[in-house]
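Enquirer: Handing you this structure, nothing more for now.
The values are calculated or read from the model by the stated rules, or taken from the named source; none is laboratory data. It should be emphasised that the depicted structure is a prediction, and the values quoted were computed from it without experimental measurement. All Cβ positions, glycine included, derive from the backbone under ideal geometry; neighbour counts span all protein chains shown.
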Amino acid sequence: MSAVEVFEHAFYIGSYMSGILYGVELVVYFATMRALLRKTTQVRSDRFFMAYSTVLLMLVTIDVATNAVWCEQMLITFASQTGGAAEFIATQASVWYETLSSTSVVALIFMSDALLIYRCFILWSSNYWIIFLPVLTYLGAFALAVCELVAAGVPGGDFFAGRSVNFGVPYYAMSIALNLLLTLLICARLLYLSRWVSTAMGAEGAQLYTSVLAILLESAAPYSAVGIMFLVPYARGSGVAIAFGQVWAKITCLSPQIIVYRVATRRAWDRATVEGAAASMEFVTAGTSTAQLSTIVVGKDTTSIPGGSESRLGSPLREKVARRLGSERSFNAAELPV
């Protein structure tokens, strides 16, 4: 099979996979908007997430639509003309709507990475040093992305070859390295905090935050994994890369959208959860092990401990626990992890 035929098959398969993921994105988007609009009390962050989700949907829609047109032109309209698909790829790779598609994907990547950096910042208790390297990498990737788009969009440019690839390989390598770094930082933090959240909320309530699935979704692990699948064949100049690239572009939209959905439905880690876990750590390390706790009462201001002393649970965490588990409930200390 020639390189052109490999590219045609990969683009076709990637388009179909993109259509499936686009449908999933639509479902998650409308579920997110429904959850945000049904909240009795609207806060400023709700309006931000509505706007953020809508922009994500608009960008991924542009990508899906323009790729569909380009695929139709390559496989149907120009297939019987002189030169066929090979001539079309060589002459139409820099057509305006394909450049628009590439630009929308780059915008998706930076919106997704920005959300991950913010989530990492929140999970690490607003520690600016922890996001210093990610922010530098983010800015470096942005500069390379602009160079790649300019090289691909000029007359005679080609997103899949030439100078565009020279900028594209380091750009995507840097972007995916940033994804991996943020994923590892978020996973490490969640695994570290999960024990203390279980202590403060009980095993049942903490399941929403400490399960394997929750950690994978919060860290956008699929985003990083598919990015690696795309980068390897892209760096080698293989036409197979376009199939993974199209899937990665949709995951770039879907991963942050799922995080926003979890925020909207109060399933995501937030400042209250992190502060509550930190309070739990401070309480336990102060000299009282979790095995010594007599009772943790969800929905109360205080937690009783032996000897008559009391330790106040953070109000934000208390309210969040009450919302997730419902009415007031007590947990036996013997059931809590040590």
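Enquirer: Can you list the helices (runs of 4 or more DSSP H) found entirely within the range 1-92 that contain at least 3 residues being among the acidic types (Asp, Glu)? Walk me through how you get there before you give the answer.
Expert: Numbers: elements: 3-37, 44-72, 84-92.
Fully inside the range 1-92 and qualifying: 3-37, 44-72.
Enquirer: Could you please let me know if residue 23 is closer than 22 Å to residue 222 by Cβ and either loosely packed, with under 13 Cβ neighbours inside 10 Å or outside the structural domain of residue 246 (by TED's automatic domain parsing) (or both)? Outline the logic, then answer.
Expert: Values: closer than 22 Å to residue 222 by Cβ: yes; either loosely packed, with under 13 Cβ neighbours inside 10 Å or outside the structural domain of residue 246 (by TED's automatic domain parsing) (or both): yes.
Here the answer is yes, as residue 23 does meet what is asked.
Enquirer: Could you grab the pairs with beta carbons closer than 6 Å, sequence gap of 6+ or different chains, first residue in the range 110-133 and in contact (Cβ under 8 Å) with a residue 12 or more places away in the chain, second one part of a helix (DSSP H, G or I) and hydroxyl-bearing (Ser, Thr, Tyr)?
Expert: 112/252; 113/138
Enquirer: Run down 185, 136 and say which single residue is assigned to a helix (DSSP H, G or I) and either touching a residue at least 12 places away in the same chain (Cβ under 8 Å) or charged (D, E, K, R) (or both). Working first, answer last.
Expert: Numbers: 136 fails: either touching a residue at least 12 places away in the same chain (Cβ under 8 Å) or charged (D, E, K, R) (or both).
Going through 185, 136 in turn, just one is assigned to a helix (DSSP H, G or I) and either touching a residue at least 12 places away in the same chain (Cβ under 8 Å) or charged (D, E, K, R) (or both): 185.
Enquirer: Another question, if that's okay. Could you please find all residues in the range 61-89 being surrounded by 14 or more Cβ atoms within 10 Å (Cβ to Cβ), among the hydrophobic types (A, V, I, L, M, F, W, C) and more than 34 Å from the chain's Cα centre (by Cα)?
Expert: Matches in the range 61-89: 78, 85, 86, 88.
Enquirer: Which residues, counting only those in the range 217-246, are of a type in the set (A, V, I, L, M, F, W, C), surrounded by fewer than 21 Cβ atoms within 10 Å (Cβ to Cβ) and either over 22 Å from residue 123 (Cβ atoms) or not assigned by TED's automatic domain parsing to the domain that holds residue 62 (or both)? Show your work before the answer.
Expert: Taking the range 217-246 as the starting set, the residues that turn out to be of a type in the set (A, V, I, L, M, F, W, C) are 217, 220-221, 225-226, 228-232, 235, 240-244.
Of the ones still in play, those that are also surrounded by fewer than 21 Cβ atoms within 10 Å (Cβ to Cβ) are 217, 221, 225, 228-229, 232, 235, 240.
Hits for the range 217-246 are 228, 229, 232, 235, 240.
Enquirer: A follow-up question, please. For residue 176, which of the numbered conditions (1) surrounded by 16 or more Cβ atoms within 10 Å (Cβ to Cβ); (2) over 25 Å from the mean Cα position of the chain (by Cα) fails to hold?
Expert: (2)
Enquirer: If you go through the range 113-145 one residue at a time, how many are over 15 Å from the mean Cα position of the chain (by Cα), modelled with pLDDT of 90 or more and exposed (fewer than 14 other Cβ atoms within 10 Å of the Cβ)?
Expert: Selection size over the range 113-145: 7.
Enquirer: On the given criteria, is residue 40 closer than 23 Å to residue 150 by Cβ and free of Cβ contacts under 8 Å to residues at least 12 places away in the same chain? Step through it out loud before you land on a result.
Expert: Working: closer than 23 Å to residue 150 by Cβ: no; free of Cβ contacts under 8 Å to residues at least 12 places away in the same chain: yes.
No; evaluated as a whole, the condition is false for this residue.
Enquirer: Here are some residues: 87, 148. Which one is assigned by TED's automatic domain parsing to the domain that holds residue 189, of a type in the set (Asp, Glu) and under 21 Å from residue 244 (Cα atoms)? Show your work before the answer.
Expert: On the way: 87 fails: under 21 Å from residue 244 (Cα atoms).
One residue alone meets the criteria, 148.
Enquirer: Within the range 93-112, identify whether any single residue is hydroxyl-bearing (Ser, Thr, Tyr), over 21 Å from residue 252 (Cα atoms) and surrounded by 15 or more Cβ atoms within 10 Å (Cβ to Cβ), and answer yes or no.
Expert: Scanning the range 93-112 turns up at least one residue that is hydroxyl-bearing (Ser, Thr, Tyr), over 21 Å from residue 252 (Cα atoms) and surrounded by 15 or more Cβ atoms within 10 Å (Cβ to Cβ).
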